[in-house]
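A short worksheet on the structure shown next.
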Amino acid sequence: MKASDLFVKALENEGVEYIFGLPGEENLDFLDSLQDSSIKFVLTRHEQGAAFMAATYGRMTGKTGVCLATLGPGATNFVTCAAYAQLGGFPMLMITGQKPINSSKQGRFQIIDIVRMMEPLTKSSKQIVNGSMIPSLVRDAFRLAEEERPGAVHLELPEDVAFEEVKDWHIFPVHEIRRPDADQKTIEIAVEMIENAKNPLLLIGAGANRKKLFKSMQNFVDRTCIPFFNTQMGKGVVSCENPLFLGTAALSDGDVLHQAVEIADLIINIGHDVVEKPPFFMHEGGTKVIHINFNSAQVDEVYFPQLEIVGDIKTTVNRLAQALKLNNCSLELLAFRKRIKQVIHEKDNDDSYPLLPQRIVADVRRGLDKDAIIALDNGMYKIWFARHYHTYMSNTVLLDNALATMGAGLPSAIACALLYPQRQVMAICGDGGFMMNSQEIETATRLGLNLVVLIVTDSAFGMIRWKQEGQGLDDFGLEYNNPDFVKYADSYGAKGHKVEDANQFLPLIGSCFSEGGVHIIDVPIDYKENKALFPKQLRNA
């Protein structure tokens, strides 16, 4: 059997459904082996698009997403996405090609040390030097990618190894690994701390956004009656309709939500770690924090929990829920719920044009089903969506609050539209981030997907402009020109629309989803509310 055939068999053994990628001459044998496989190959227009799609597959399913690139420039285009998956906690396998390692007639042409390049950005990076090693290396790569904390792994398949015949091989069975539980003494200490707290507050982070945790988290909130908020990447674990929900920490400090945080005398922090932008700052002698996660806390200047419960989160949450006496809700904390909602929604119906961020978020929420998925790129609008957009189900708001890279929104939405064809999927991008991977519109139309792409346009890098202004610097170096996005959509076989009036926006969302296919909506945004709300007025709301 050819080694590349064995590689594909090993991937099939892992249950791989898709490989996203852009091959080169060094992995033509691997591509040939895919022809008769059950695995679907999704050709993309850029390696970065492929890897963002693979990472999103991992994020949504909990299974390792797989992407393919050739050597040299193809592999270097994976670098940002490796960091994206590693910091975000998304299981992903990158497969790259390489020149023959036993003999070469091309000198150093296109050759860089990809394995070493990937080592700082992954959980594991290895070169395959012998075809018979493929099954064990693949099994180990998937194990590492998926075990807590999930992340990126990399395998390099040289051209001559891919072509060689393998006679002695066997496939390794896949089995589930049970995670260790926290010790009883730590659980007892946590129970005592929670029961002695006057105003306990629950924080739900990205680590709690795993498929097997949702019922346990809901049960914990219902049994303990502890008010809760979430990080940006923890949105949707428990529905916003729950009367104990206070909001999302879209900023680290200074928001109206942080007034509730300041009143809390204990924060029960489930699934957050310091790779995500801090949802609050700890101070010596201030509010106590219980850290509940699969892994111990990375001590940071703004995060140094007094108690750590390390082990399987689901088991920990269930044990705490059973051991705790039912608490009376903190009325002092719940009093903020009404105030937070009032601040969040006071301009939902503003008719200004260009549209205010609040109106854009409100109309997107009104125009989508509860199980619809929005995939956000990175920009100022991401803070508005994190703060204002209500979630009813897990993994219905995909944003990156770890690497926070631009260019991920559209490929992430494409992966979701491929995985969930019966659900509404919308990519939400700034004009800057959209243009970084806009060529993947061709991928979406070629695949026949149903996808709406919302481009929030201000012809500038809006978040950097906000920061620039906040530091008292001159407005400089951040403006650019955009193409006509309606014509741009048409050129790819998609359908383009430009919002010319605030009241046109919501009906347009509905008609795009009703019609099906790929649609691009250009909606101009007025960011004057950034200065009005972030951060001065929030403290006094």
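Taking the longest Cα principal axis of the chain as reference, the axis of helix 357-367 is set at about 70 degrees.
Which loop chymotrypsin sites (Phe, Trp or Tyr not before Pro) in the stretch 421-508, with loop taken from DSSP, have no more than 16 other Cβ atoms within 10 angstrom of their Cβ?
Here the chymotrypsin sites (Phe, Trp or Tyr not before Pro) that fit, given the DSSP loop and packing criteria, are 476, 480.
Per-residue packing, averaged as other Cβ atoms within 10 Å, sorts the ranges 163-169, 318-324, 56-62 into the order 56-62, 318-324, 163-169, beginning with the highest. Rounded to the nearest 20 debye, the dipole size of the chain about its Cα centre is 1160 debye, using +1 on the Cβ of Lys and Arg and -1 on the Cβ of Asp and Glu. What residue among 272, 291, 333 has its Cα farthest toward the positive end of the dipole of the stretch 272-427, where the charges are +1 on Lys, Arg and -1 on Asp, Glu, each on the Cβ? After comparing all options, I get 333.
Basic side chains Lys and Arg get +1 at the Cβ, acidic Asp and Glu get -1 at the Cβ, and with that the dipole of the stretch 424-474 about its Cα centre reaches some 140 debye. Highest mean packing comes first when the peptides 364-370, 276-282, 175-181 are listed by Cβ atoms within 10 Å, giving 276-282, 364-370, 175-181. Going by a ≥ b ≥ c, the root eigenvalues of the Cα gyration tensor, does the chain fall in the rounded group (a/c under 1.5), the prolate group (a/b larger than b/c) or the oblate group? Because a/c hits 1.5 or more and a/b fails to exceed b/c, the chain counts as oblate. With axes computed from alpha carbons, what is the tilt in degrees of helix 3-13 against the longest principal axis of the chain, rounded to the nearest 10 within 0 to 90? Computed tilt is about 30 degrees.
Read the figures in this text as sums done on the coordinates, not as results from a lab. In this text, all values refer to a predicted model and were calculated from it rather than measured experimentally. Here the Cβ is made from the backbone with ideal geometry for all residues, glycine too, and neighbour counts use every protein chain on show.
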